[in-house]
1. Among (1) under 23 Å from residue 69 (Cβ atoms); (2) crowded, with 17+ Cβ neighbours inside 10 Å, which single condition is residue 133 missing?
2. Is segment 12-24 home to any residue that is of a type in the set (Ser, Thr, Tyr), surrounded by 14 or more Cβ atoms within 10 Å (Cβ to Cβ) and either part of a strand (DSSP E or B) or touching a His at 6+ places or on another chain (Cβ under 6 Å) (or both)?
3. Assuming residue 104 fulfils every condition listed in (1) in contact with a Phe, Trp or Tyr (Cβ under 6 Å, 6 or more places away or on another chain); (2) not in a loop (DSSP other than H, G, I, E, B) apart from one, which condition is it?
Amino acid sequence: MPVIDPKTVPVKTGSIYPEPYASMMAGRSSLRLGDAGGLTQFGVNLVTLEPGALSSLRHWHLHEDEFVMVTEGACTLVLDAGETVMHPGDCAAFPAGNPDGHHFINHTDQVARFLVVGTKAPREVATYSDVDLRVEIEAGKARFTYKDGTDWEGPR
């Protein structure tokens with residue numbers, strides 16, 4: 001049946017980031033709705049940010065488009081040009097290859113939620129704007145490197 005009951009979808013917490021960045025993602029969780037529905041060509045995730053939480057490190061994707069729509073509460077979109085507070089119904093799009101890193105922060109005292117829809121490229125590279133880190137993902141395996149491509153060994 002194509003109907004997905006979000007109450008039956010496991011809540012994903014934690015991060016694939018290496019430390020010290022993984023612990024910075026406390027208060028963020030998501031429901032992998034697209035995976036629950038068997039989708040393979042694009043992802044659909046409902047992300048929850050507790051007060052003070054970050055969605056991710058500020059990043060941009062080389063091969064994957066990403067679309068976000070706020071569904072509950074308010075969160076702040078951070079880009080190179082600055083910050084924009086977004087409310088339910090507000091949307092943002094991040095085309096693949098645009099090196100303007102983005103992430104969301106919940107600066108309020110209420111839970112915020114947003115829907116993320118993104119392509120699933122066979123090979124992806126995400127670069128993190130504010131730290132010397134990038135990730136290469138291929139066949140479901142992540143390899144973290146510095147921006148120059150050398151293997152990650154911890155913050156420089």
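1. (1)
2. Step one: of segment 12-24, the residues of a type in the set (Ser, Thr, Tyr) are 13, 15, 17, 21, 23.
Still in the running and surrounded by 14 or more Cβ atoms within 10 Å (Cβ to Cβ): 15, 17, 21.
If we keep only those that are either part of a strand (DSSP E or B) or touching a His at 6+ places or on another chain (Cβ under 6 Å) (or both) too, we end up with none.
No, the conditions are met nowhere in segment 12-24.
3. It fails just one condition, (1).
Each reported figure results from applying straightforward, stated rules to the coordinates on display, with no laboratory input. Here the structure is a predicted model, which means the values were calculated and not measured. Positions of Cβ are backbone-derived with ideal geometry, glycine not excepted, and every protein chain shown enters the neighbour counts.
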